[in-house]
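Structure record follows, encoded as structure tokens.
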Amino acid sequence: MPVNAVEQEAASATGEFQSLEEKIYRTIELLKNAREAKAHAERDANRLRTQLEERVEETEQMRGELITLRKEREEVRSRVEKLLKQIDAIASAEA
């Protein structure tokens, strides 16, 4: 084999090695970026999960308050109706 052919083969092998090395470095960078993105997504998911739990608690509390207010409204309505009936009775007795 001529010396020139050996040199070309060595240069080709070196080029292939450098290409492979570059691909490995790019893969490493992609892996780092993917891990950072995953960590960021996990933090966001945890934050959103916490917010959701807080909103569920607030909703339950508001639901309880709404039920209480509706009961109070019905009690007030009933009392007002009784007072109106008494007023009507007094007005009818006077007439």
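The values are calculated or read from the model by the stated rules, or taken from the named source; none is laboratory data. The structure presented is a predicted model; accordingly, all values stated were derived computationally and were not measured. The accessibility values were calculated without ligands, DNA or RNA, using every heavy atom of the protein model including side chains. Shrake-Rupley method; radii C 1.70, N 1.55, O 1.52, S 1.80 Å.
Per-structure values
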quantity	calculated
Criterion (open to solvent by less than 90 Å² (accessible area, probe 1.4 Å) and modelled with pLDDT under 95) met by exactly one of Ala45, Ala13, Ala34	Ala13
Tally, over segment 50-95, of residues that are among the acidic types (Asp, Glu), over 32 Å from the mean Cα position of the chain (by Cα), modelled with pLDDT of 95 or more and open to solvent by less than 100 Å² (accessible area, probe 1.4 Å)	3
